[in-house]
1. If you average the C-alpha positions of segment 127-190 and of segment 215-262 separately, how far apart do those two centres end up, in angstrom?
2. At ILE319 and LEU233, where each label point lies 7 Å from the Cα along Cα→Cβ, what is the point-to-point distance in nanometres?
3. Hey, got the dipole for the chain? About the Cα centre, +1 on K and R Cβ, -1 on D and E Cβ, debye to the nearest 20?
4. For LEU288, list long-range residues whose amide hydrogen, built 1.01 Å from N in the peptide plane, is under 5 Å from its own amide hydrogen.
5. Order by neighbour count: VAL339, VAL331, VAL9, fewest other Cβ atoms within 10 Å first, most last.
6. Where does the chain land at 222 nm, in deg cm²/dmol rounded to the nearest 500, when only DSSP H runs of n ≥ 4 count, each adding -39500 (n - 2.57), divided by all residues?
7. If I fit a long axis through the Cα atoms of helix 107-137 and take the longest principal axis of the Cα atoms of the chain, what angle between them do I get, 0 to 90°, rounded to 10?
8. If I take every Cα pair under 8 Å that is 6 or more residues apart in the chain, average their sequence separation and divide by the length, what percent do I get for the relative contact order?
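FYI, it's all coordinate maths here, none of it is from the lab. Remember, predicted model here, so these are calculated numbers, not experimental data. A quick note on method: Cβ atoms are made from the backbone with ideal geometry, for glycine too, and the neighbour counts reach across all protein chains shown.
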Amino acid sequence: MGTLWFWLVAAMLIAYVVLDGFDLGVGIVYLFVAKTEQERQQTIRSIGPVWDGNEVWLLAAGGTLFFAFPLVYASSFSGFYLPLMIVLWLLILRGLSVELRGHSTDPLWRTFFDGLFSFSSILLAIFFGAALANVVRGVPLGADNYFFLPLWTNWRTGPSPGILDWYTVLGGVIALVALGLHGSLYLALKTEGDLERRARSIASILWPGLLIVTLIGLPATVIARPSSLHNYLNHPIAFSVPLVVIASLGTIFIATRKRFGLVAFLGSCLYLSAMLGGAAAGLYPVLLPTVGNQGRDITITLAAAGPHALHVGLVWWTIGMLLALMYFCVVYWLFRGKVPQQLDDYGH
């Protein structure tokens, strides 16, 4: 049951990154792609019906992690408390910018909310990438399973790391570029006219950057945490994951050039899923690795809730996920297709 819940949490985090990832990506490229007021309204309208629903996956993943693995939840908050609070405030600011912009007709306030939307989206992408890199690299867990991380130390991975080092900064850059490309491809799929062409152009610019940082990031993970390669060596089938990453990048490149918008966007979804799935495969069965003392890793066995709770929780989790999936299917079906320039016509 512990293994099942490990992969359920991983799947929910992947769902969040793929779905809310294009919302963040739209915010990242927002000031570059939308030049007129009408285009900015189109851009906001493209994510307006779904962005708040997409964030549900983050809440659901956090709640599931708390239920299934309470120890890792408590340990993570001990060391990541400040970054998590910053992420919370950035999520609030992003929501305020999206909602309040539509209630103001003053150009100054709209410009302010435009900047806030882009600023919070960029920082969220960087923070999420750096947070994942911190987990993959490991943290200095003590005997009580708690830890403290300064903002930075010597910028190196090792027994005394900081929240920021060369590897976590690289993780933030990869997330920023990947989600920027993801959002550009979503905009190219959902908009039309000059806005669509500009989004496709930005995606073409970001693709080489993503290829470069991905090729750097894969071996960098092995350098930062050599044990992440153990599962791959013990189960060679896992090496198909990096092959899927490369194949997804190729799909994005070809589909973008041929203007197959849906295929390019699905390729981006596959890229994000493969990168996160590969990270989870490298970690398993460890939930929160430590640096300096491998015997203190928080594993599934150590952190999992009781067997009865996991079995009963699986029933209620399944019911909740079915209801959530029904909601998402309805919303995405109602707001399928491109956002027209006549915004009042959007929604079926």
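1. Segment 127-190 and segment 215-262 have Cα centres spaced 18 Å from each other.
2. 4.7 nm
3. Working: 19 positive and 17 negative charges, 148 e Å.
That gives the chain a dipole magnitude of about 720 debye.
4. Hits under the 5 Å cutoff: ILE298.
5. Numbers: VAL339 24, VAL331 14, VAL9 21.
Listing VAL339, VAL331, VAL9 from fewest to most nearby Cβ atoms yields VAL331, VAL9, VAL339.
6. Numbers: 13 runs with 257 residues, N = 348.
It lands at -25500 deg cm²/dmol.
7. For helix 107-137, the angle is close to 30 degrees.
8. Values: 468 pairs, mean separation 82.8, N = 348.
Dividing the mean separation by the residue count of the chain yields 24 percent.
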